[in-house]
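The values are calculated or read from the model by the stated rules, or taken from the named source; none is laboratory data. Please read these numbers as outputs of a predicted model, since none were measured by experiment. So basically every Cβ, Gly included, is an ideal-geometry build from the backbone, and we count neighbours across all protein chains shown. Note: areas computed on protein heavy atoms with side chains; ligands, DNA, RNA excluded. Shrake-Rupley method; radii C 1.70, N 1.55, O 1.52, S 1.80 Å.
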Amino acid sequence: MGDTKEVGAEAPPAGADVRGNLSLLPQGESEEHSAQRTALFLGGSEVKSRAVVKYSSAPPRTAFARLEEKTDLKLPPANWLRESAKLGPAGTTILGNSKKSKPFSSFGMAYDFIDSVGNDVDVVSDSENIKKLLKIPYSKSHVSMAVHRIGRTLLLDELDIQELFMRSSQTGDWTWLKEFYQRLIDQKWQRKKKSKEHWYQKAILSKFLYYSINGDGAAQPVPSAAEQQDSSSSNQTNDSEGASWPAPFEMPSSVSEDPSASNQGSEPLEPSYIVGHVASAPKEQNLTPLFNDGENGQGLKNDFVRNILWTFEDIHMLVGSNMPIFGGGRYPAVSLRLRDNNKPINVLTGIDYWLDNLICNVPELVMCFHVNGIVQKYEMIKTEEIPNLENSNFSTKVIKDIAQNILSFLKSNCTKEGHTYWLFKASGSDIVKLYDLTTLCEETEDKYQNPFTMPVAILLYKVACNMMMKKNQNKKYYGTIRTLLLNCVKLLDKGRHPQIIASANYMLSELFQLDEPKKEESSESPLNENSDESYSEEEEEMADSDENGSYSTSSDPSDDNKAVAIIKSVGELSVPEKYKSIHQIRPSCAFPVCHDTEERCRLVLSYVLEGLKSVDSSIKKESDLPAADPNTPIPLKYEDESSRGAPEGLEKQMALFLDKMGSLQKGNYSSQSGMIPGSWQHKMKLQLILKSSKAYYVLSDAAMSLQKYGRALRYIKLALQSHDTYCCLCTNMLSEVLLFLSQYLTLCGDIQLMLAQNANNRAAHLEEFNYQTKEDQEILHSLHRESSCQGFAWATDLSTDLESQLSVSCKCYEAANEILQFSDLKSQNPEHYVQVLKRMGNIRNEIGVFYMNQAAALQSERVVSRSVSAAEQQLWKKSFSCFEKGIHNFESIDDATNAALLLCNTGRLMRICAQAHCGAGDGFKREFSPEEGLYYNKAVDYYLKALRSLGTREIHPAVWDSVNWELSTTYFTMATLQQDFAPLSRKAQEQIEKEVSEAMMKSLKYCDIDSVTARQPLCQYRAATIHHRLASMYHSCLRNQVGDEHLRKQHRMLADLHYSKAVKLFQLLKDAPCELLRVQLERVAFAEFQMTSQNSNVGKLKTLSGALDIMVRTKHAFQLIKKELVEELDQPKSDETVPATDSSPSLNREEVIKLLSIFESRLSFLLLQSIKLLSSTKKKTSSNIEEDVVLKTNKHIYSQFLRATANKSATLLERIDVVIYLMEQFMRGGSGGGSSAVQ
């Protein structure tokens, strides 16, 4: 094989830390320096072997002393069985005197190398067990091993039937297995004693090894026969003690959980506390050991001199070895063997030596031959030459196939974690059988008689803890962790081990991430990527585990029907891939896919409940609880109805709540169940309660998104009850927990607000709120053991009063904000702080609008003559206060848009106040009061503030347009009221006109008629109305004014200007024909008024001509009126069942008739005046052809008009048709210069 640099390396490297003479090799050094790959090339085939020493308690290697020929090994050396510096305290173990492994040796290794178990390693076992398995096809001796599965790892331990049944005879334990063994395997079982030859060979080997390290060859006098007998008996005693079995399901003192049990000299187990902080645990943090280092009463201590990670082909094994290794050969490490020269080496011995050297990475074997204890010679053999020795020839390839077949057989059949399997081959038999002892044990009265149960459960728990603690652990391992924990809980007795069960259930709940909703619904979820990491024992097992059908539960009568699987012939193990595992070494386990948030939370709560039950069961019974403190009041569930839900009662409850929150900061503590602060029950219950509150919060949030508000309130109530209990138990409140509380209260506020806004489904919400599952009731019962859970009752009542619901919602947000303020969480969680303030601003807006609407309702019910009531004023104050606080909330987080909306609502409140102050008395005495003006001006101020808050239209165009419209409306209303109810008793007419004009122009300024929006027609109508009113005002001024000609001329121009603008805007609208007609008629009246002040006929004719021209232009208005009238007449005919309703306002027939009558009278007057003036002018002056044509046309139209109006029975539609026809005649007569007869 060639020389190698360094092999084995049991000695610790320079500077290594040695504690208790146990040398821990750092991982990097052991990999780089200690581990070497041994590649053996035999007959063209290669067997790959690699060994890494993970742990060694051996002292630095010393060279072996070559004994002189004729040395008598029957004589003991001077150092025999004495401690030596060369040996260290573990000398007798190193020299192989205590060769028998303990029944739980693999568990001791597994506890020490928890990282490897369940994931990286296929097998954990004593090297003697590995060798025994690989020699099965060559050996006739019996094989009896216990097999346990942890994830993908198998733990193998010797199951000494002789020792077990001896114990059974003495104590009565394991009688079920003894009966089973006698019935099916060996009916005449009796204990077989070891021969004297066995003890002789053991003693001579021990003396040889001591000679080899002594070197001086000095011998002691040969002990007498009696001493030899004593020595043999002591060896025998030691041997049996090494394999001593514990009582079934015995707990060491370090994990005793009986409150009355003595805990002297052991630390309390605290897995709950550590696992509870998984997220913050440093990578190197370890769980508190479940067993003290000195605790070896159950054989759970790792007693091997060295632990080696051995990779044989593709099989990874963690192996314990006690083989003595020396220096002094051609290589730094050799193994020493003593052989009787008269007995040739057989295959079994060769395999034994070869495997020992491979496992320990020793390149050379030194054999010392003796005859009857007298040393003859030494022989040195390389490890790779061992398979080719004379009389010991074997194929390494076959050994590899045997190893792979045995592993595949075990992996395929030992499928249930937590179960104890028994691999058994009787002496001289070729049949290997595998039994499930756990299943057999469960058929007996006490299923906890299996002594492996407790160590297996602890190991499952520790492996799961270790995987949870790793920061770099991916979620794809969650399936494995869950399987480990479920099997751990299944194995343990709830009454005896509440702490481990509570901790395991808490870890199970931690596997489901509550803060990542809806991610599990993705088909690419990482939780389902672990199909090859572990397995779920719920999987349906296949009857035939092997694809080749080589082993099965056959129905052949010769087969054992109790066996899980059978190898019919050991010779089959040598066939390559005969037992290829269908599990591919790594069986599958999928993390459960939760289809929705509720399913995930329900799973979490089921684990939390089991954990709480375990904790509660371990606390003293209620009869043992301390008496009630006479100074502490007992909380009563009765509440005074007068204070229930009322804002005043809420204030008191909030004050108490905040006082309580302040006391929590000081660390006050009170528990009704008598739990001791700092105990494992206290720490675990805190974690479980906090988890339940989170789960209920997520459930509430999910119900909220589904608009199931009653269910959402029930869940948030449970979340707050859980949190209240947590507050009662907690001795040191964490800021993270306070943040949770703030989030819970925020959600509670949201739910109360939505309930207030959805009062129609109150009955359904109430039914959902009152429903409770049995699980919720049991969790609540556990909470009531510690607290009254009434701390947040004020927030979670389902009230039927809208005001109460809004108040509760507001108080929830205020409480959430208070928590952020006094715990200084707002700087650490700015997003949540902003959300809380937004909600506070919103709810205050809602309450403000509620009070404002109530005030408006009171105002509408009040008789006009009465003054403003005190109730109205109180509602105004409440509303204004809410708006003011809401504005402050939004401004503090720079939310300009929402602040503008609240300022807008405040402006609306001011307008309602103004409307309430309209003057008392009848309509004739009504005047625009100073109070109205005051409130309207306040409204204007708030609208202007809203615009300043927004800054520009680009920030939020819709809000900007809305504020502008409200501002325009306020100015318009104020101007209209001043115009219609002029305060002449307080102000001069001119001043009023000036104020009206200014207000109207400001209203026009904020009335956007150009932007194409849904509000554009309204804006156009508003602008047209403003121009119409201004024109009417100037027209009225002109009529009533005497004196200043310049002012009259100005008023005339302004009236004409505004009339023309009003007409243009009304003509753009299709649904305002009456307004258009009224404006045109007012223009005609304005022309008539101007004509009265004219003296010349020419001037009058010109004015008359202009007035008639205006009359002609009314044709458009009459056409619109006609169209609407026709539509009204046609609609019932087309569909009699549908009422005649339209989005546009219906035509006011009375107003149309009134306006039509005015139009007809004015048209008749103008035509008559025109004919008279034209006729008189014709007599006085020479003939004018144009005037003649006009006169003729006017006469003709006038005559037709008189005939048409003479028919008093004509309908409205017919009268309008006449007017439209006459207007067309006017247009043709004016343009064509002629006239035609009326048909």
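When we screen THR396, THR439 for residues that are touching a residue at least 60 places away in the same chain (Cβ under 8 Å) and among the β-branched types (Val, Ile, Thr), the only hit is THR396. Among the residues of segment 971-990, what is the count of those that are among the small types (Gly, Ala, Ser) and either in contact with a strand residue (DSSP E or B) (Cβ under 8 Å, 6 or more places away or on another chain) or within 15 Å of LYS1002 (Cα to Cα) (or both)? Of the residues in that region, 1 qualify. For the criterion of being free of Cβ contacts under 8 Å to residues at least 60 places away in the same chain and open to solvent by 70 Å² or more (accessible area, probe 1.4 Å), GLU1082 fails.
Enumerate the helices (runs of 4 or more DSSP H) found wholly within segment 421-492, keeping only those where 1 or more residues are touching a helix residue (DSSP H, G or I) at 6+ places or on another chain (Cβ under 6 Å) and at pLDDT 85 or above.
Numbers: elements: 437-442, 453-469, 478-491.
Output list reads 453-469, 478-491.
Being more than 30 Å from GLN828 (Cβ to Cβ), buried (at least 23 other Cβ atoms within 10 Å of the Cβ) and under 26 Å from the mean Cα position of the chain (by Cα) is true for just one of LEU755, LEU741. Which residue is that? Step by step, each of LEU755, LEU741 is checked, and only LEU755 is more than 30 Å from GLN828 (Cβ to Cβ), buried (at least 23 other Cβ atoms within 10 Å of the Cβ) and under 26 Å from the mean Cα position of the chain (by Cα).
If LYS1005 satisfies all but one of (1) open to solvent by 40 Å² or more (accessible area, probe 1.4 Å); (2) touching an Asp or Glu at 6+ places or on another chain (Cβ under 6 Å), what's the number of the condition it fails? Status for LYS1005: all satisfied but (2).
Considering every residue within segment 1043-1051, establish whether at least one is buried (at least 18 other Cβ atoms within 10 Å of the Cβ) and either assigned to a loop (DSSP other than H, G, I, E, B) or modelled with pLDDT under 90 (or both).
Narrowing segment 1043-1051 to residues buried (at least 18 other Cβ atoms within 10 Å of the Cβ): 1051.
With either assigned to a loop (DSSP other than H, G, I, E, B) or modelled with pLDDT under 90 (or both) added as a condition, the list becomes 1051.
There is at least one residue in segment 1043-1051 that is buried (at least 18 other Cβ atoms within 10 Å of the Cβ) and either assigned to a loop (DSSP other than H, G, I, E, B) or modelled with pLDDT under 90 (or both).
Results for (1) more than 23 Å from MET507 (Cα to Cα); (2) open to solvent by 10 Å² or more (accessible area, probe 1.4 Å); (3) touching a helix residue (DSSP H, G or I) at 6+ places or on another chain (Cβ under 6 Å); (4) at pLDDT below 95, shown as yes or no for each residue.
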| site | (1), (2), (3), (4) |
| --- | --- |
| GLN687 | no, yes, yes, yes |
| LEU706 | yes, yes, no, yes |
| HIS723 | no, no, yes, yes |
| TYR726 | no, yes, yes, yes |
| SER735 | no, yes, no, yes |
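Pairing each residue of segment 1190-1206 that is over 17 Å from PHE1159 (Cα atoms) with any residue that is charged (D, E, K, R) and open to solvent by 70 Å² or more (accessible area, probe 1.4 Å), provided the two are 6+ apart or on different chains, yields C-beta distances under 9 Å for LEU1191/LYS1178; THR1193/ARG1228. Kindly indicate whether LEU1030 is of a type in the set (A, V, I, L, M), closer than 19 Å to LEU1155 by Cβ and surrounded by 14 or more Cβ atoms within 10 Å (Cβ to Cβ). No; evaluated as a whole, the condition is false for this residue. For segment 95-115, what are the residues that are open to solvent by less than 20 Å² (accessible area, probe 1.4 Å) and either polar (S, T, N, Q) or at pLDDT below 55 (or both)? If the condition is that a residue be open to solvent by less than 20 Å² (accessible area, probe 1.4 Å) and either polar (S, T, N, Q) or at pLDDT below 55 (or both), then SER101, SER105, SER106 are the ones that fit. The residues on offer are SER395, SER408, and the sole one that is open to solvent by less than 30 Å² (accessible area, probe 1.4 Å) and among the small types (Gly, Ala, Ser) is SER408. Are any of the residues in segment 828-844 open to solvent by 60 Å² or more (accessible area, probe 1.4 Å), of a type in the set (Phe, Trp, Tyr) and part of a helix (DSSP H, G or I)? No, there is no match, as no residue in segment 828-844 is open to solvent by 60 Å² or more (accessible area, probe 1.4 Å), of a type in the set (Phe, Trp, Tyr) and part of a helix (DSSP H, G or I).
Here VAL868 fulfils each of the conditions (1) in a helix (DSSP H, G or I); (2) surrounded by 15 or more Cβ atoms within 10 Å (Cβ to Cβ); (3) over 24 Å from the mean Cα position of the chain (by Cα) apart from (1). Residues that are open to solvent by 70 Å² or more (accessible area, probe 1.4 Å) and modelled with pLDDT of 80 or more within segment 1123-1138 comprise LYS1123, GLU1127, listed in sequence order. Condition check for SER1096 on (1) farther than 30 Å from ILE1216 by Cβ; (2) under 60 Å from the mean Cα position of the chain (by Cα): one failure, at (2). With the requirement that a residue be at pLDDT 90 or above and hydroxyl-bearing (Ser, Thr, Tyr), what does segment 921-948 give you? Matches in segment 921-948: TYR935, TYR936, TYR942, TYR943.
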